[in-house]
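Colleague: Right, I'll just put the structure down here and ask away after.
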Amino acid sequence: MKAMNIYLCGVGGQGISLLSSVITSACMEAGYQVMGVDTHGLAQRGGTVVSHLRIGKKVFTPMIPDGQADLVIALERLEGLRGALSMLKPGGTLVYYQTVLQPHKVRSGEMAYPSDVEVLERLRPRGINVEALNVENLPDYRMQNVALLGKLASMNLIEDIGSEVFEEVIKTAVPEHALETNLAVFKQAMDS
Amino acid sequence: MERLSDMLIKQDAFSAIMMGNHALVRAMLEAEVKVVTTYPGSPTPEIADGINAIPEDKRPFYFEYSVNEKVATEIAFGASMNGHFSTVFFKSVGLNVASDSLVQLPLMELAGGMVVVLGDDPGVNSSQNEQDNRHFARMSYMPMFEPATPTETYQMYLQAAELAKKYRMPIFLRMTTHVCHAREKVEFNSLQISSPDWTPAFNASKEGPFIPITVTVHPMKKRALKKLATMEQEAETIDVNYVASPNGNGIRGVISASMPAMSLMENLDTTDAKVDLLKLGLSYPMPKNKVLEFLKSHDEVLIVEELDRVMEQEIKTLAYDNGLACKILAKPDTMLGGELDPATTYKLMADVWPDIFTKENTLIESESTVPRKPTFCPGCGHRAAFYAIKKVLPEAAITVADIGCHTMGSFEPYAVGETLLSMGHSNGTGAGFSIKNDSRKVITFIGDSTFFHAGMPGIVNAALYDHNLTLVVMENGTTAMTGQQPHPGSGEISDKISIDKVLEAFNVKFIKRVGAYSTDKLVAALEEAIEFKGFSVVIASHPCMLKFGRNLRRKKKDFPNIMTVDKNCSKEECAEIMKFDCPSFNLEEDGSLSINPILCIGDGSCKSSSKTGKLGLKKRSEVK
């Protein structure tokens, strides 16, 4: 496969690192070299959290240079927009879950939270493909990351990594008692 | 995905995707480390997480969270003198705390050997500065390894351990934030866990002196310098000091170490430019012959290093002393700060050699959107405490922040805490503000882990001189910011050491303890404390709710309730409530306030923000 940079983002506490490690494991299963890095520490407290994943034959450094991501995966709309604006290549893809977590300046009324339409309008001039996901009746909001994996699998965004690879990794990453529900969400998102 | 705890103690050789911090733990096991100590600080806390993932009965070494970095260093030192190979790890600025003892280490004969692991922070990801700790290696005559990846971290710790044991000395392993946190596939050797020999081997009369004072210092220093010279010989031949991309062009070369070396390799891989790279893994003492040979075989050599001009100065000195004609190039002053990521490194190379690095920088236009700063978690006692403090804070007051989650009180909308130096500085700094100052009340803050770490001397001093300031201890029962590690007052290591009793023993005359959620009581206590002439302390206490929530979920439970907003709550009152600024509040388009069920934990800390009782509770199960 050709080299690929995947940038994942969201808000502290949303489970970005789990999402990132599942994708990493899936890439490993498929035989790619992977290097990545997550945000740790202070920034996790309700701030923007990110995870960089670089896949390819030769990977030297873990951080994706600005504007060099092929794919941005976001667990929250504003973070999706931020990630796409700073990291996506022209013509890249943004997939985000429809969660809204208002930051301070929105709660205080000083700034407006971006709508889905605004996200589209700001990214369209860069030729960015935008996919927003929302799964009806999600059993638990903590399964939004599994839903995003389903969407990724259905869109075939990562070369050679089909739904069966993701499913296998999910089976090893999710505790047994929660597995059935998670796989159901994964499939539901694939079809959405 | 195999569990970290299983992987770390696996007997067979294996390979796995692992973070630098975790790969280091496997190396510790393979190197048969016997004593490991730390004080938590980013980017290194995940080293302790890795250690703690191993069940205690399967862990062949002793590990503790010490009260601060200096004590942690001293414990590792004592253990090493007693024949036990030891390791201490901490963050960049932790070295400042440790330094009083640390700079002495190379003077000593360390029978067991010792590795000091640093988490430096170029780019200031989670520290109060980006100090370059390579200077400490020079100041104390202590060798330094600089791994650039998780694989190198694993390999270089093993090498550092071997050399530290062989030469009975301390050695630095300097990681940086994105080496600590980088993840990649690492190939691990097999592991034999044997039961360690705990015989105390300390022999002061045979191996001493161990008391560095006046006349003994020079012989000890001479021994340290001799060991350093031996290490320089090791650096000449060790495999981690090598020409990484031998193009043999004889014209242009680069000398680099750590992450910038990887940035260079990445850039060289994407261009046709022929440039040789000498990469130093054991960077101090510098292998002079190896560097000389590289300088002599190139017309121009560029030094690529993050932060200060440490290698540059040594290499230029070397070239001068040897009368070399080789042109030595280095970065501009504008690159003395920040990380040398691939893009920045490319820019440097393109500035120096525009004829061969011609690629246009494809920087996309930056566009801003709504900012999102870190904030207190839902239910955090610090938010409730700052909410109360804002109500009583005299307009002209001077507020002094300290390090911890409560530093975020300096952000909007609280904006309490106007200056910050270091761990535990607040009461020294606050006392300085209070001198000959009757008009502007000084209010200082400190967290409970920092209280024990470095806060007590400033507090003793404030009590001793009865400096006129009010200290608010922001107590949450844990070392929250770095990942909820235990501390002397948390009650997890042994019985709680009571901050109240400590303050009493320091003869503090005004001590009030209040639950941080009890806004009215906290307001009353603060008013009284601010009125009090002299040193007064209010302890605003509430357990860390992030830790509480994580423990609940471990038991497969959830918070039972969430907050509700009465639908008759007026816009004006909604706006008033919003000043509490819990992230689980949503501002609706019509100006009303709603609760985000994803974030709300039904803690009720916000209740006092509604004067007419418009905030209530309902069962979480009632939310769809």
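Colleague: Divide, for the stretch B:106-178, the radius of gyration over alpha carbons by 2.2 N^0.38 Å, where N is the residue count.
Modeller: Numbers: Rg = 12.8 Å, N = 73, 2.2 N^0.38 = 11.2 Å.
Expressed relative to 2.2 N^0.38 Å, the Cα Rg reads 1.14.
Colleague: Still on this model: Once B and A are treated as a pair rather than alone, how much accessible area drops out, both sides summed, in Å² to 100, probe 1.4 Å?
Modeller: Details: alone 28290 and 9740 Å², together 33020 Å².
What B and A bury together is about 5000 Å².
Colleague: Pop out a list of residues from the stretch B:171-218 that are at least 20 Å² less accessible with all the protein chains around than in their chain alone; 1.4 Å probe, no ligands or nucleic acids counted.
Modeller: Listed in order, they are B:His178, B:His181, B:Ala182, B:Arg183, B:Glu184, B:Lys185.
Colleague: Still on this structure: What nm value, rounded to one decimal, do you get for the distance between B:Asp12 and B:Arg513 when each label is placed 7 Å out toward the C-beta?
Modeller: Result: 5.4 nm between the two label points.
Colleague: Now, a different point. List the residues, sorted by chain then number, that are 5 or more residues from B:Val186 or on another chain and whose placed amide H is less than 5 Å from its amide H.
Modeller: HN-HN under 5 Å from B:Val186: B:Ala16, B:Ile17, B:Met18.
Colleague: Let me ask something additional. Suppose every Lys and Arg Cβ carries +1 and every Asp and Glu Cβ carries -1, with no other charges. What dipole size does the protein assembly as shown come out with about its Cα centre, to the nearest 20 debye?
Modeller: Computed charge dipole of the protein assembly as shown: roughly 1460 debye.
Colleague: Using a 1.4 Å probe on the heavy atoms of the protein chains only, list every residue of the stretch A:106-139 that has 50 Å² or more less accessible area in the complete assembly than in its chain alone.
Modeller: A:Arg107, A:Arg122, A:Arg126
Colleague: Now for a separate question. Starting from the Cα of B:Lys227, draw a straight line to each of the aspartates and glutamates and keep only those under 20 Å, dropping any in the same chain fewer than 8 residues away.
Modeller: Here the aspartates and glutamates satisfying the reach criterion relative to B:Lys227 are B:Glu109, B:Glu146, B:Glu162, B:Glu207, B:Glu236, B:Asp239, B:Glu314.
Colleague: While we're here: Given B:Phe585, B:Val623, B:Gly409, which one lies farthest toward the positive end of the charge dipole of the protein assembly as shown, if we put +1 on the Cβ of every Lys and Arg and -1 on the Cβ of every Asp and Glu?
Modeller: Positive-most Cα among the choices belongs to B:Gly409.
Colleague: Now, a different point. What full-extension length gain, to one decimal in nm, is calculated for B:Lys206 and B:Ser494 as 0.36 nm per residue of separation minus the Cα-Cα distance? Mind showing how you got there, number by number?
Modeller: Details: separation 288, 0.36 × 288 = 103.68 nm, distance 3.73 nm.
Using 0.36 nm per residue and subtracting the Cα-Cα distance, I get 99.9 nm.
Colleague: Mind checking A:97-105 for the average number of partner chain beta-carbons within 10 Å of each residue's beta-carbon?
Modeller: Values: counts 0, 0, 2, 3, 7, 9, 6, 10, 5.
Neighbouring Cβ atoms belonging to other protein chains average 5 per residue here.
Colleague: Across all directions of projection, what mean area in square nanometres is found for the Cα convex hull of chain B? Walk me through the numbers on the way to the answer.
Modeller: Working: hull surface 133.9 nm².
For chain B, the mean projected area of the Cα convex hull comes to 33.5 nm².
Colleague: Now for a separate question. Rounding to the nearest 20 debye, state how big the charge dipole of the stretch A:1-157 is about its Cα centre with +1 on each Lys and Arg Cβ and -1 on each Asp and Glu Cβ. Could you put the intermediate results ahead of the total?
Modeller: Values: 15 positive and 13 negative charges, 85 e Å.
In total the dipole reaches around 400 debye.
Colleague: Rg to Rh ratio, the stretch A:115-192, alpha-carbon atoms and Kirkwood radius? Show your work: numbers first, answer last.
Modeller: Values: Rg = 14.2 Å, Rh = 13.6 Å.
Ratio of gyration radius to Kirkwood radius: 1.04.
Colleague: Viscosity 0.890 mPa s, temperature 25 °C: give me the Stokes-Einstein translational D for the protein assembly as shown in µm²/s, with Rh taken as the Kirkwood radius over C-alpha pairs. All intermediate terms of the calculation are to be shown ahead of the outcome.
Modeller: Numbers: Rh = 28.5 Å.
My calculation gives 86 µm²/s for D.
Colleague: Still on this structure, please answer the following. If I stretch the segment between B:Asp558 and B:Thr317 completely, what's the gain in nm (0.36 nm per residue apart, minus their alpha carbon distance), one decimal? Show your work: numbers first, answer last.
Modeller: On the way: separation 241, 0.36 × 241 = 86.76 nm, distance 6.30 nm.
Length difference between fully extended and current span is 80.5 nm.
Colleague: Convert each backbone phi in the stretch A:49-66 into a coupling constant with the Karplus relation 6.51 cos²θ - 1.76 cosθ + 1.60 (shift: θ = phi - 60°), then list the ³J(HN,Hα) values in order as whole Hz, x for Gly and Pro.
Modeller: 3J(HN,Hα) across the stretch A:49-66, in whole Hz: 10, 9, 9, 9, 10, 10, 10, x, 6, 10, 10, 9, 10, x, 9, 6, x, 3.
Colleague: Show me the ranking of peptides A:111-122, A:26-37, B:396-407, B:486-497 by mean Cβ neighbours inside 10 Å, starting with the highest.
Modeller: On the way: A:111-122: 14.9, A:26-37: 20.5, B:396-407: 22.6, B:486-497: 16.4.
Going from most to least packed, we get B:396-407, A:26-37, B:486-497, A:111-122.
Colleague: Which of the helices in chain A, when you take each full DSSP H run, stretch at least 18 Å along the axis at their Cα atoms and have an average Kyte-Doolittle score of -1.0 or higher? If you can, show how the numbers build up before the last one.
Modeller: Working: long enough: A:16-29 (20 Å, 1.40); A:176-191 (24 Å, -0.21).
Membrane-span-like by this rule: A:16-29, A:176-191.
Colleague: Another question, then. Calculate the translational D of the stretch B:425-480 in whole µm² s⁻¹ from Stokes-Einstein, where the hydrodynamic radius comes from the Kirkwood formula applied to all Cα pairs, the temperature is 4 °C and the viscosity 1.567 mPa s.
Modeller: 113 µm²/s
Colleague: Calculated from DSSP H runs of 4 or more alone, at -39500 (n - 2.57) each and per residue, what is the 222 nm mean residue ellipticity of the protein assembly as shown, nearest 500?
Modeller: Numbers: 28 runs with 288 residues, N = 816.
Result for the protein assembly as shown, helices only: -10500 deg cm²/dmol.
Colleague: Follow-up question, since we're still on this one. Please list B:Lys533, B:Lys290 from largest to smallest accessible area, probe radius 1.4 Å, with all protein chains kept in place. Walk me through the numbers before you get to the answer.
Modeller: Numbers: B:Lys533 155, B:Lys290 50 Å².
Ranked from most to least accessible, the order is B:Lys533, B:Lys290.
Colleague: So, one more: Considering only protein heavy atoms and a probe of 1.4 Å, how much of the accessible area of the protein assembly as shown is carbon and sulfur, as a whole percent?
Modeller: The value for the protein assembly as shown is 52 percent carbon and sulfur by accessible area.
Colleague: Give me the inter-chain shielding for A:53-61: mean count of other chain Cβ atoms within 10 Å, whole number please. Intermediate results must be reported in sequence, preceding the final value.
Modeller: Values: counts 1, 2, 0, 0, 0, 4, 6, 14, 17.
Across A:53-61, the average partner-chain Cβ count within 10 Å equals 5.
Colleague: With N set to the residue count of the stretch B:144-203, report its C-alpha Rg divided by 2.2 N^0.38 Å to two decimal places.
Modeller: Numbers: Rg = 14.3 Å, N = 60, 2.2 N^0.38 = 10.4 Å.
It is 1.37.
Colleague: Along the Cα→Cβ direction, 7 angstrom out, place labels at B:Lys618 and B:Ala244. What is the inter-label distance in nm?
Modeller: My value for the distance between the label points is 5.8 nm.
Colleague: Could you name every residue in the stretch B:587-604 that has 10 Å² or more less accessible surface in the full protein assembly than in its own chain alone (probe 1.4 Å, ligands and nucleic acids excluded)?
Modeller: Residues passing the criterion (a loss of at least 10 Å², heavy atoms only) are B:Leu587, B:Asn596, B:Ile598, B:Leu599.
Colleague: Continuing with the same structure: In peptide B:133-141, how many Cβ atoms from other protein chains are near each Cβ within 10 Å, on average? Walk me through the numbers before you get to the answer.
Modeller: Working: counts 0, 0, 0, 0, 0, 0, 0, 0, 0.
For this peptide, the per-residue mean of nearby foreign Cβ atoms is 0.
Colleague: So, by mean Cβ neighbours within 10 angstrom, what's the order for B:108-116, A:171-179 with the highest one leading?
Modeller: On the way: B:108-116: 24.8, A:171-179: 12.6.
Highest to lowest by the protection proxy: B:108-116, A:171-179.
Colleague: Can I ask one more? Expected output is a single nm value to one decimal: the length gained when fully extending between B:Val215 and B:Leu336, i.e. 0.36 nm times separation in residues minus the C-alpha distance. What is it? Walk me through the intermediate numbers first.
Modeller: Working: separation 121, 0.36 × 121 = 43.56 nm, distance 3.99 nm.
That works out to 39.6 nm of additional length.
Colleague: Turning to a different aspect of this structure: Taking the Cα centre of chain B as origin and charging only Cβ (+1 Lys, Arg; -1 Asp, Glu), how large is the dipole, in debye to the nearest 20? All intermediate terms of the calculation are to be shown ahead of the outcome.
Modeller: Working: 66 positive and 77 negative charges, 343 e Å.
Rounded to the nearest 20 debye, it is 1640 debye.
Colleague: Ok, one more. What nm distance separates the two modelled labels at A:Glu159 and B:Glu504, each placed 7 Å from Cα along Cα→Cβ?
Modeller: If labels sit at A:Glu159 and B:Glu504, their model points lie 7.1 nm apart.
Colleague: Excluding B:Asn21 itself, calculate the net charge of residues whose Cβ lies under 15 Å from the Cβ of B:Asn21, where each Lys or Arg counts +1 and each Asp or Glu counts -1.
Modeller: Working: positive: B:Arg26, B:Lys91, B:Arg174, B:Arg183; negative: A:Asp38, B:Glu46, B:Asp49, B:Asp120, B:Asp121, B:Glu152, B:Glu184.
Here the count lands on -3.
Colleague: Which aspartates and glutamates, if any, have their Cα less than 15 Å from the Cα of B:Lys607, not counting same-chain residues under 8 positions apart?
Modeller: B:Asp520, B:Asp566, B:Glu573, B:Glu576, B:Asp581
Colleague: Here is a follow-up. So what is the relative contact order of chain B, in percent, for Cα pairs below 8 Å that sit 6 or more residues apart?
Modeller: Numbers: 1264 pairs, mean separation 62.9, N = 624.
Relative contact order for chain B comes out at 10 percent.
Colleague: Ok, one more. What number in nm² do you get for the stretch A:60-192 if you take the convex hull of its Cα atoms and divide its surface by four?
Modeller: On the way: hull surface 38.8 nm².
So the Cα hull casts an average projection of 9.7 nm².
Colleague: Turning to a different aspect of this structure: Would you work out which of B:Leu348, B:Ala244, B:Ile54 lies farthest towards the positive end of the dipole of chain B, given +1 charges on the beta-carbon of Lys and Arg and -1 on that of Asp and Glu, about the Cα centre?
Modeller: Selected residue: B:Ile54.
Colleague: Using the structure shown, select from B:Lys166/B:Lys331; B:Lys279/B:Lys316; B:Lys391/B:Lys614; B:Lys436/B:Lys521; B:Lys547/B:Lys571; B:Lys390/B:Lys496 the pairs with a Cα to Cα distance greater than 26 angstrom. The partial results should precede the final answer.
Modeller: Values: B:Lys166/B:Lys331 37 Å; B:Lys279/B:Lys316 17 Å; B:Lys391/B:Lys614 20 Å; B:Lys436/B:Lys521 31 Å; B:Lys547/B:Lys571 34 Å; B:Lys390/B:Lys496 30 Å.
The answer is B:Lys166/B:Lys331; B:Lys436/B:Lys521; B:Lys547/B:Lys571; B:Lys390/B:Lys496.
Colleague: Would you list which lysines come within 18 Å of B:Lys91, measuring only between C-alpha atoms, while excluding same-chain residues fewer than 8 positions from it?
Modeller: Partners within reach: B:Lys70.
Colleague: Probe of 1.4 angstrom, ligands and nucleic acids ignored: what's the accessible area per residue over the stretch B:4-237, in square angstrom?
Modeller: Numbers: 8210 Å² over 234 residues.
Per-residue value: 35 Å².
Colleague: In addition: Taking Cα pairs under 8 Å and at least six residues apart, what relative contact order does chain A come out at, in percent?
Modeller: On the way: 352 pairs, mean separation 40.5, N = 192.
That works out to 21 percent.
Colleague: Can you tell me what percent of all Cα-Cα pairs in the stretch B:381-548 are more than 18 Å apart? Before the final figure, lay out each step's value.
Modeller: Working: 7609 of 14028 pairs.
Counting every Cα pair in the stretch B:381-548, those more than 18 Å apart make up 54 percent.
Colleague: For the stretch B:399-455 and the stretch B:248-318, what is the separation of their C-alpha centers, rounded to whole Å?
Modeller: With the stretch B:399-455 and the stretch B:248-318 each reduced to a Cα centre, they are spaced 44 Å.
The values are calculated or read from the model by the stated rules, or taken from the named source; none is laboratory data. Source: prediction; values computed, not measured. Using ideal geometry, Cβ is built from the backbone for each residue, glycine included, and neighbour counts are taken over all protein chains shown. Note: areas computed on protein heavy atoms with side chains; ligands, DNA, RNA excluded. Shrake-Rupley method; radii C 1.70, N 1.55, O 1.52, S 1.80 Å.
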